[in-house]
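The block underneath contains the structure these notes are about, expressed in structure tokens.
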Amino acid sequence: MSKTIDRQSIYKLLNQHPIRGVVLDVQGTLITPVSTELMSSELCRGIFHIINQGIRIAIITGTGTNKVQKSIISPMREYFGSTVNDQCLANITIYT
């Protein structure tokens, strides 16, 4: 039996149980399947905001860590410069 939950109930639930982690896929989800595409600046800002809130991010990919470095981490360093430091990146875990 499915139950529809209204927006207020979702906000109340999130306030009672704060988000501690987010799991993301890369190719076809964060970036299109084209292998040379980098993550957009808007998506970089979103991920940067999430990790600065202390929320951990797990990136699940079959493309390898070098691909994630090139398409996600490098663009974040380019957009945000020195504010993307090792402490900030410690909230990102890559699973291949």
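Remarks
- The modelled label-to-label distance between His49 and Asn85, using points 7 Å beyond Cα along the C-beta direction, is 2.3 nm.
- Using the Cβ-Cβ distance between Leu13 and Asn66 with R0 set to 41 Å, the FRET efficiency works out to roughly 0.60.
- Length gained when the stretch Thr93-Asp25 is fully extended (0.36 nm per residue, less Cα-Cα span): 23.3 nm
Taken together, the values in this text are just the output of simple stated rules run on the coordinates, not laboratory data. In this text the structure is predicted, and so the values were computed from the model without any measurement. Glycine also receives a Cβ, built like all others from the backbone with ideal geometry; neighbour counts cover every protein chain displayed.
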